[in-house]
Each structure stands twice: as C-alpha cells, then as structure tokens.
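Mind having a look at this structure? Questions to follow.
Quick note: the coordinates plus some simple rules give every number you see, no bench work behind them. Remember, it's a predicted structure, so these values are computed and weren't measured experimentally. Glycine also receives a Cβ, built like all others from the backbone with ideal geometry; neighbour counts cover every protein chain displayed.
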Amino acid sequence: MSTQLKTQYQLRPMQVDDLDTIMQIEPTIYSHPWTRGNFSDSLNSGYSAWVLEQDRGVIGYALLMMILDEAHLLNLSVAKHQQKQGLGRYLLEHMLKIAKNHQAANLFLEVRPSNVAAIALYENMGFSEMAVRRGYYPAHNGREDAILMGLVL
C-alpha cells in the first residue's frame, strides 16, 4: 500500500464504543460471525485489538492474543465494500509488528479452507499450512475444518 494511500487510514486501539459498528460489519462478511460477547471478552482479556478507520469510520479490525512467546491472530476483518484494496494486508502487517514488539517467536492463525482470499493473503505474507483442525468452525451443514497456519517471526 502506498504511503499516500496509508494517510487516508488510521489504526488505533479498539474501544468498547467501536463494537456497535463492528457488529454491523461482522455478519456481512461471515456466515457465523463473532458475537458482541466474543469481542467484549477479548477486550476485557487485554488482547491486542485494533481498528482501521477511514474518515473516522471503522472499516476493519484485528485481534491478537499473546501466550508466552507465541502470538495467535484471532480475527482479521475488512468491511465488504472495502475489500480487495490491500487493507487486509495493511492490518496484517500491523499485527505482525505488534507480535514482534511483544517478542513473539511465531504467529499462528486458523482459516476456513473456503476462505480462498484470506489463504492467498496469508501465503503471500509467508505463512505456511501446519495442520488441519477437523470440524473447527460451525457451518450451515454441520462443521467446517480449519487450516492452521503459522509464520516464524
């Protein structure tokens, strides 16, 4: 993303006041969205939670959990109308910096096999498939597997 483009966006820590907007975005991009409680619990647990704003409106968000020397990306989302502009990469780059600042040795994440765009982004950023978690995600017809991906920092 160009420097000029980056100036149009602002990254800042997520606040409880952001949850109303996030709860409007989440169900438009996921078949089984996170609940308000999932986000509240993450904030209350002290996870690194960030929002991406454009013109003071939230258009993306990401949450990272640190456990000892490992980072786990819990959620990385961009509003549907803002996708395919490099904003997911921009958010992911920011979360990688956060993990490195916490001296994480690795960053892990789960992704649905059906989320081809996310898998392509993660692979392009150097993540590799490590395992498959069978029946990890709820799906309309039962459960969907998760691909566990990791990146050595």
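Put +1 on the Cβ of every Lys and Arg and -1 on every Asp and Glu Cβ in the chain; which of I25, P138, M125 then has its Cα farthest towards the positive end of the dipole?
My answer, from the dipole projection, is M125.
Take every Cα pair under 8 Å in the chain that's 6+ residues apart, average their separations, divide by the length, and report that relative contact order as a whole percent.
Computed value for the chain: 18 percent relative contact order.
Assign unit charges at the C-beta atoms only (+1 for Lys and Arg, -1 for Asp and Glu), then state the dipole size of the chain relative to its Cα centre in Debye, rounded to the nearest 20.
In total the dipole reaches around 240 debye.
I would also like to ask the following. State whether the chain is rounded, prolate or oblate according to the following rule on the C-alpha gyration tensor (a ≥ b ≥ c being the square roots of its eigenvalues): a/c under 1.5 gives rounded; otherwise a/b larger than b/c gives prolate, and the remaining case gives oblate.
rounded
OK, next. Rounded if a/c is under 1.5, else prolate if a/b is larger than b/c, else oblate: which is the range 1-74, with a ≥ b ≥ c the root eigenvalues of its Cα gyration tensor?
oblate
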